[in-house]
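Written below as structure tokens is the structure these notes are about.
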Amino acid sequence: MARFLNHVSVIAHDLEASKRFYVDELGLEVVPSPRFAFPVCWLRAGDSQIHLFDRLGDPPPHAHFGLEIDDFMPVYRRMKELGALDHESFGNAMYELPDGGIQMYVRDPAGNVVELDYRDASTIPQDEVPEYKRLADVRPQDGDAAVATLWMRHLSAAGE
């Protein structure tokens, strides 16, 4: 039985540029990695890791992983400044979810979709974020969809 997500691996066509993006812009930490037949860089993201690997190929167009961020506006401003906001993959660069969190979609230097998750969308000044949309305004959120949440780790810690 799987216990938790250990890591995700993503293509990095320019390993140094991708490493700078994840370390300098998103605050991940480089950790030691073994030597493989191709260049890799392992990064710590909380209790999990992201493995960057320099290989040929294109990143999948919609597949992505999510990172929880602790402060929305500085990250949003920086991603916008970098031109990293992804307006195409999911029809908009961000959506407020039924549980009050928000998902922001960006592209890393290799073109991988990265979802940046923030728990409390009510703290976001919507007049400063033209991309802000409520998912419920785009698609009905009833039944199980109305109680969906990204925050399983927090539910597990609370015993729910």
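The values are calculated or read from the model by the stated rules, or taken from the named source; none is laboratory data. The shown structure was predicted, so the numbers you read here are calculated from the model rather than taken from an experiment. Reconstructed Cβ throughout: ideal geometry from the backbone, glycine too, with neighbour counts over all protein chains shown. Ligands, DNA and RNA are stripped out before the accessible areas are found, and what is left, the full protein with its side chains, is counted by its heavy atoms. Shrake-Rupley method; radii C 1.70, N 1.55, O 1.52, S 1.80 Å.
Within segment 45-62, residues that are basic (K, R) have Cβ atoms under 9 Å from residues that are outside any loop (DSSP other than H, G, I, E, B) and open to solvent by less than 40 Å² (accessible area, probe 1.4 Å) in these pairs: R55/I11, counting only partners at least 6 apart in sequence or on another chain. Against the list (1) open to solvent by 50 Å² or more (accessible area, probe 1.4 Å); (2) of a type in the set (S, T, Y); (3) under 13 Å from the mean Cα position of the chain (by Cα), the condition T123 fails is (3). Among the residues of segment 45-64, none qualifies, meaning not one is exposed (fewer than 13 other Cβ atoms within 10 Å of the Cβ) and part of a helix (DSSP H, G or I).
When the residues of segment 1-42 are filtered to those that are among the basic types (K, R) and either part of a helix (DSSP H, G or I) or in contact with a His (Cβ under 6 Å, 6 or more places away or on another chain) (or both), the one that is most open to solvent (accessible area, probe 1.4 Å) is R20.
Could we say that Q103 is part of a strand (DSSP E or B) and either among the hydroxyl-bearing types (S, T, Y) or closer than 19 Å to L135 by Cβ (or both) here? Steps first, please.
Values: part of a strand (DSSP E or B): yes; either among the hydroxyl-bearing types (S, T, Y) or closer than 19 Å to L135 by Cβ (or both): yes.
So Q103 fits the description; yes.
Scanning segment 49-103 for residues that are touching a helix residue (DSSP H, G or I) at 6+ places or on another chain (Cβ under 6 Å) and either of a type in the set (F, W, Y) or at positive phi (or both) yields a total of 2. Note on segment 105-120: residues that are open to solvent by less than 30 Å² (accessible area, probe 1.4 Å) and either at positive phi or touching a His at 6+ places or on another chain (Cβ under 8 Å) (or both) total 7. Can you confirm whether segment 78-86 contains a residue that is open to solvent by 50 Å² or more (accessible area, probe 1.4 Å), at pLDDT 95 or above, closer than 30 Å to A145 by Cβ and assigned to a helix (DSSP H, G or I)? Yes, that holds for at least one residue.
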